[in-house]
Amino acid sequence: MAAPSTSASALIPRPALIRKAADAYRISDSTAIGATRELGGIAEKLRAELSASTGFAIPIRTSGEIELVLDPSLRTPAAYTLDSSSRGVRIAGSAEGVFYGTRTLLQMLPPDVFRRAPVVGADWIVPGAHIEDEPRFEWRGLLLDVCRHFMPKEFVLKLIDLMALHKLNRLHLHLTDDQGWRIEIKKYPRLTEVGSKRPDSMLTYDPPTFTGEPHSGFYTQDDLREIVAYAGERFVCVVPEIEMPGHAQAAIAAYRKLGNTGEKLPVRTWWGISDNVFNTETSTLRFLQDVLDEVMEIFPSPFIHVGGDECPKKQWKESPRAQARMRKEGLKDEEELQSWFVRQMDSYLESKGRRLIGWDEILEGGLAPGATVMSWRGERGGIAAANAGHDVVMCPSPYVYFDYYQSRNRAKEPHAIGGYIPLSKVYDYDPLPKALSETGKRHILGAQGQLWTEYIPGPKHVEYMAFPRACALAEVVWSPAEGKDWRDFERRLRPHLERLAILDVGFRPL
Ligand code: ACM
């Protein structure tokens, strides 16, 4: 058979082991997918994808040339093996592993396989190979901030498909912040009636310039259920974030009693950090636990994110009620008051069978016993928490903040928040820093790229900031540390970008 196309070996993320073989399989109008009923959903998705671009029917039968097989013997649920030869393709693993094997299979075919209409005259060759693959880390995440700029549901679904193609599996949705509350809460309708709308948005911070346009948007609970189900079919877990005690101004704008000053506040139009944080009344904690109840009904994620970052203590210092709370609970300073606040949420979530996760500020004043930490202010917080036996997701801003510039030549880039994180810096990142103890290493769940959207007003711009850096992140969190090779990645990335172009991803060109 014909020699494999150059794109065939351009797999991203790089599999743990790949041995190439001489003979190849050609998908034709006589190709069928073989799958048992347990793998029916995955087979159907693959059928739809292959059929759209090839124009062949590709029926699903009990056995076929493309054989999907449950193999419970592999080490982790995401692991799979793929064997291709002139006789056909066999993908084996748990359902999750088989799904990932189908993502690999798509990348072994010509990039045209990602078209949504039949490509006439294409040669659908799957090169011969033996692949054994499994992820390096279990948490392979992307954060999308839908508060600073609301993103349409359809785009969230597209991003989930792109994550799955790169074997990323945690979509962290940042749903509440000073500048917008984006999740419908039935018990407290003003959160979205009032909190999802702001009259203006910043264009630049220094000097302060504004769009002069109102901005609004939120997801209904049905929207979010649809997103969660869509993600689940692609083995992506959606992790919701409800920010507290800081980044709370949109909620306080909706319900004044949640704040410290009694002042009537607007939803914030400036970026940056607001002094307006939740008060520490029992009624406010209950309010937030009511919100979490509805959040837990929508999101099956074991982890519920409660933020915890950037909470100025000014209002608590000035508030007699907050000071009384500190005395009553025997807390020595406002850091301990924040820690107490987070502990109330930690035990609440634990009582519901969930786990609290928060930004590394939750370490200050003492970490709640069950808490998992997202280390964003560099790696120090993550290292300390992991060495102390807490689970950690590495999100350090110097390496994986995808809202930072991708070039030193800022004049040629769209306006961004600052920083400089070229593709190679993401690729070179290792989520296991040397300062980790052996125990600490076991507590690093993985890593996550952040898409904060202050200066990212819409989907196309998100795509520009996310890709190809998310391709590099995929290698960091999926591929083995051994064999990491920037030149090899660059070589594979070029044909991979052809795929992204066909998928209408507005990536930043190399
Ligand atoms: C963060 O970037 N404030 C978590």
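Could you give every pair whose Cβ atoms fall below 7 Å, whose first residue belongs to the stretch 294-313 and is aliphatic (A, V, I, L, M), and whose second residue is assigned to a loop (DSSP other than H, G, I, E, B) and away from the ligand (no atom under 13 Å from the Cβ), counting only separations of at least 6 or pairs across chains?
M296/K352; M296/R354; I304/R354
When you go through V239, V228, V194 one by one, which is the residue that is surrounded by fewer than 24 Cβ atoms within 10 Å (Cβ to Cβ), more than 25 Å from L39 (Cβ to Cβ) and either of a type in the set (S, T, Y) or out of contact with any Lys or Arg (no Cβ under 8 Å at 6 or more places or on another chain) (or both)?
So the residue among V239, V228, V194 that is surrounded by fewer than 24 Cβ atoms within 10 Å (Cβ to Cβ), more than 25 Å from L39 (Cβ to Cβ) and either of a type in the set (S, T, Y) or out of contact with any Lys or Arg (no Cβ under 8 Å at 6 or more places or on another chain) (or both) is V194.
Residue check: is I357 touching a His at 6+ places or on another chain (Cβ under 6 Å) and among the hydrophobic types (A, V, I, L, M, F, W, C)?
For I357, the condition - touching a His at 6+ places or on another chain (Cβ under 6 Å) and among the hydrophobic types (A, V, I, L, M, F, W, C) - is met.
Considering P459, P414, which residue is farther than 23 Å from M374 by Cα, touching a Gly at 6+ places or on another chain (Cβ under 9 Å) and surrounded by fewer than 20 Cβ atoms within 10 Å (Cβ to Cβ)?
Being farther than 23 Å from M374 by Cα, touching a Gly at 6+ places or on another chain (Cβ under 9 Å) and surrounded by fewer than 20 Cβ atoms within 10 Å (Cβ to Cβ) holds for just one of P459, P414, which is P459.
Scan G101, G97, G93 and give me the residue that is of a type outside the set (A, V, I, L, M, F, W, C), surrounded by 19 or more Cβ atoms within 10 Å (Cβ to Cβ), touching a strand residue (DSSP E or B) at 6+ places or on another chain (Cβ under 6 Å) and over 24 Å from L503 (Cα atoms).
Every option except G93 fails the conditions.
Restricting attention to the stretch 47-64, which residues are part of a loop (DSSP other than H, G, I, E, B) and at negative phi?
Once the filter is applied, which keeps residues that are part of a loop (DSSP other than H, G, I, E, B) and at negative phi, the stretch 47-64 yields F56, A57, P59, T62, S63, G64.
Cβ-Cβ below 8 Å, separation at least six or inter-chain, first residue in the stretch 363-380 and under 12 Å from V392 (Cα atoms), second away from the ligand (no atom under 15 Å from the Cβ) and assigned to a loop (DSSP other than H, G, I, E, B): which pairs?
Listed pairs, sorted by first residue: A371/H390; T372/H390; T372/D391; V373/L367; V373/H390; V373/D391; E379/P433; E379/A435.
So that you can scan it fast, the table gives a plain yes or no per residue for (1) in contact with a strand residue (DSSP E or B) (Cβ under 8 Å, 6 or more places away or on another chain); (2) over 22 Å from I304 (Cβ atoms); (3) not polar (S, T, N, Q):
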site	(1), (2), (3)
E154	no, yes, yes
K158	no, yes, yes
L168	yes, no, yes
Q179	yes, no, no
I183	yes, no, yes
S201	yes, yes, no
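Residues that are at pLDDT 95 or above, among the basic types (K, R) and within 16 Å of the ligand (Cβ to nearest atom): find the helices (runs of 4 or more DSSP H) completely inside the stretch 323-439 holding 1 or more of those.
380-387
Are there any pairs with C-beta distances below 7 angstrom linking a residue in the stretch 450-470 that is under 14 Å from F155 (Cα atoms) and without any contact (Cβ under 8 Å) to a residue 12 or more places away in the chain to a residue that is more than 16 Å from the ligand (Cβ to nearest atom) and not aromatic (F, W, Y), with the two at least 6 apart or on different chains, and if so which?
From residues that are under 14 Å from F155 (Cα atoms) and without any contact (Cβ under 8 Å) to a residue 12 or more places away in the chain, there are no pairs.
Restricting attention to the stretch 228-240, does a residue exist that is in a strand (DSSP E or B), of a type outside the set (F, W, Y) and touching a Leu at 6+ places or on another chain (Cβ under 6 Å)?
yes
I want to confirm something. Restricting to the stretch 293-319 and keeping residues that are over 20 Å from the mean Cα position of the chain (by Cα) and among the hydrophobic types (A, V, I, L, M, F, W, C), which single residue is farthest from the ligand (Cβ to nearest atom)?
Out of the qualifying residues, it is W316.
The values are calculated or read from the model by the stated rules, or taken from the named source; none is laboratory data. Keep in mind that this is a model prediction, so the values were computed, not measured. Note: ideal-geometry Cβ built from the backbone for every residue, glycine included; neighbour counts use all protein chains shown.
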